[in-house]
Structure formats: C-alpha cells, structure tokens
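Input: one structure, supplied below.
The values are calculated or read from the model by the stated rules, or taken from the named source; none is laboratory data. Quick caveat, the model's predicted, so the values are computed rather than measured. Virtual Cβ from ideal backbone geometry, glycine too; neighbours counted across all protein chains shown.
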Amino acid sequence: MKLSSRIIGFGLLVGTLVACGGGSSAVLPDPNYRFINFCTDAKLDLLVDDTIEVTNIDFLDDTTTFKSVEPELKDFSIQETGSTVIIDSQVATLVGNTNTLVMAYGLNNFGTENEKRLRFSFQQVNRITPNGSKARVYAFNAFNRDVGNQNFAVVFKNPGTLSSINFSAVNLGEFSIQEIDSGPQTLVAQRQNTETEVATVTKTFEAGKVYIMALTGTESGTGAKAPAISFIEIPTL
C-alpha cells in the first residue's frame, strides 16, 4: 500500500510539473479574426460553421474589430448578402493566441474567367507594436483587370528606378510584408517586370502602427472602384 501511495504521489508530481513547465499543456487565448471585403461587386456575409457571424460588408468595408473563435476545425464560408448560396468555403483551424485576416477578393460576376472569381484567403498578422520609428505594412493585391485581360502580379515601391521601398511582387490574393520608416511616403503599385504604374498614393505612415495596403478596384472602374492604393489600419496590442 505504501508503494502504491508513493507511485500515485510521484505521478501527481510529474503531472504538476508537466502542466507548469514547458508550456505544453498551457491554455492559449482563443484566436481572433477580422473580415475585410475587397470585392467590388458584392456585399458579403461571413459564416462560421453555417452561422452568419458578419453580415452586409460592402466593398472596402470590414468588421472594424476582431472576433474570437475556438481553436478547432471550422468551416468558413462567404455568401452574397440576401442570398443563401455559398460562394466560397474553406475549412481551417485558427491557432490559439493569433490574429488572422479573412480577406475576400475577386469578382462575384467573373463570367468565364475563373482566375477572377470571388473567394477569400487567410493571413495571420502580427499586431505587436513595431519597434522605434517603424510601421508594419501588409501589401495585398486585390486588383482585377477587365474582361479578356489577364491579371498580373504587382510591386509596391517608391516611384522611379532608385527606390528605397520595394515590396516583393504579389499575385492576386497574396501578401508581401515589410516594416518601413514612418513619415510621408509616395508609393506606386507597378506591374511586375514593367514600368506600368496602376495606381499611386502619398501616405503618412505613423510609427508603431500596422497597416493593410491594398491595390483595389478594377481596370476601368470609376469612383471608389477605380484602381487605387487603399489603406486599413489594424489596431495593435
């Protein structure tokens, strides 16, 4: 009986050490997500496991705050507001204690050009405040060309050949990330391997801020849907 008690006691001690040491069994905070709509021709709902969590999000709108979700396998999907037809659906497990952007891009009315179809992607973002005088910028390509013209990768950079800021080329629905100096910057979105500038902007970046910088709109779009470099600030932690 004494031997059994010692074994049980040792087992409890080991269990306590495993729970307290190494963090292997520590419970992390639930992951957070934020939905952003870069689709020019549809207001969208975001569903999680068939439940509408976000509704009526128009072009260049978003949920403004992050929502939490359990760190387990979930079915994320989007539908046009007022419809019950699922446009795109993806199964994913968001990792505990992370922040993820769910980004809708493409066209709801894409015709036969499947590369331009409306869909969404996931992108984890680092919301920890950047050090010193830096701003963290996530560059995203959400630009669609007109019917019959193939989409292309773009490079976000300063104008001209001697550019101090050069993001890696990004295809439709992809990201490139840099930390850049705060202050005013003039940037262009330039077609990869050419000197063709799709859009230009002058933006004052604030130290310690995190931004989404997206090339948005369509090739012959007008007004808000014209080709543009758009910014959405991501709150830091």
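Which condition breaks for residue 164 when tested against (1) surrounded by fewer than 19 Cβ atoms within 10 Å (Cβ to Cβ); (2) among the small types (Gly, Ala, Ser); (3) farther than 17 Å from residue 136 by Cα?
So the condition that residue 164 fails would be (3).
I would also like to ask the following. Please list, ordered by first then second residue, the pairs with beta carbon atoms under 7 Å, 6 or more apart or interchain, first in the stretch 177-198 and acidic (Asp, Glu), second part of a loop (DSSP other than H, G, I, E, B).
Between residues of the stretch 177-198 that are acidic (Asp, Glu) and residues that are part of a loop (DSSP other than H, G, I, E, B), the close pairs are 179/130; 181/133.
Output the residue which, of all residues in the stretch 54-68 that are surrounded by fewer than 16 Cβ atoms within 10 Å (Cβ to Cβ) and in contact with a Ser or Thr (Cβ under 9 Å, 6 or more places away or on another chain), is farthest from residue 81 (Cα to Cα).
58
Check the stretch 142-159 and report whether any residue there is among the polar types (S, T, N, Q) and more than 29 Å from residue 108 (Cα to Cα).
Just the residues of the stretch 142-159 that are among the polar types (S, T, N, Q), to begin with: 144, 149-151, 158.
Applying the additional criterion that residues be more than 29 Å from residue 108 (Cα to Cα) yields 158.
Scanning the stretch 142-159, I find at least one residue that is among the polar types (S, T, N, Q) and more than 29 Å from residue 108 (Cα to Cα), so the answer is yes.
Identify all residues within the stretch 87-111 that are within 27 Å of residue 230 (Cα to Cα), outside any strand (DSSP E or B) and out of contact with any strand residue (DSSP E or B) (no Cβ under 6 Å at 6 or more places or on another chain); write none if there are none. Even if it seems obvious, please write down each step before you answer.
Going through the stretch 87-111, the residues within 27 Å of residue 230 (Cα to Cα) turn out to be 87-90, 94, 98-111.
Checking which are outside any strand (DSSP E or B) leaves us with 94, 98, 106, 108-111.
108, 109, 111, listed by residue number.
Residue-wise test of (1) of a type in the set (D, E, K, R); (2) in contact (Cβ under 8 Å) with a residue 24 or more places away in the chain.
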position: 56; (1), (2): no, yes
position: 63; (1), (2): no, yes
position: 72; (1), (2): yes, no
position: 75; (1), (2): yes, yes
position: 79; (1), (2): no, yes
position: 90; (1), (2): no, yes
position: 111; (1), (2): no, yes
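Still on this model: Quickly run through the stretch 204-237 and pick out the residues that are under 20 Å from residue 169 (Cα atoms) and of a type outside the set (A, V, I, L, M).
Answer for the stretch 204-237, where residues must be under 20 Å from residue 169 (Cα atoms) and of a type outside the set (A, V, I, L, M): 211, 216, 217, 218, 219, 227, 230, 231.
Can you tell me which residue within the stretch 75-86, out of those that are in contact with a strand residue (DSSP E or B) (Cβ under 7 Å, 6 or more places away or on another chain) and either hydrophobic (A, V, I, L, M, F, W, C) or surrounded by fewer than 17 Cβ atoms within 10 Å (Cβ to Cβ) (or both), is farthest from residue 31 (Cα to Cα)? Step through it out loud before you land on a result.
Here is the first cut: in the stretch 75-86, the ones in contact with a strand residue (DSSP E or B) (Cβ under 7 Å, 6 or more places away or on another chain) are 75-81, 85-86.
With the extra rule that they be either hydrophobic (A, V, I, L, M, F, W, C) or surrounded by fewer than 17 Cβ atoms within 10 Å (Cβ to Cβ) (or both), the set shrinks to 75-76, 78, 81, 85-86.
Working: 75: 15, 76: 14, 78: 19, 81: 25, 85: 27, 86: 24 Å.
Checked the stretch 75-86; the qualifying residue farthest from residue 31 (Cα to Cα) is 85.
Let me ask another. Return the total of residues in the stretch 183-204 being among the acidic types (Asp, Glu) and at pLDDT 95 or above.
Of the residues in that region, 1 qualify.
Within the stretch 205-222, is there a residue that is modelled with pLDDT under 95 and not aromatic (Phe, Trp, Tyr)?
Checked the stretch 205-222: no residue is modelled with pLDDT under 95 and not aromatic (Phe, Trp, Tyr).
Test of understanding: among 204, 236, 200, which residue is exposed (fewer than 15 other Cβ atoms within 10 Å of the Cβ), on the phi < 0 side of the Ramachandran plot and not in a strand (DSSP E or B)? Outline the logic, then answer.
Values: 204 fails: not in a strand (DSSP E or B); 200 fails: not in a strand (DSSP E or B).
It is 236.
Among the residues of the stretch 179-196, is any crowded, with 19+ Cβ neighbours inside 10 Å and either over 30 Å from residue 32 (Cβ atoms) or in contact with a Gly (Cβ under 6 Å, 6 or more places away or on another chain) (or both)?
yes
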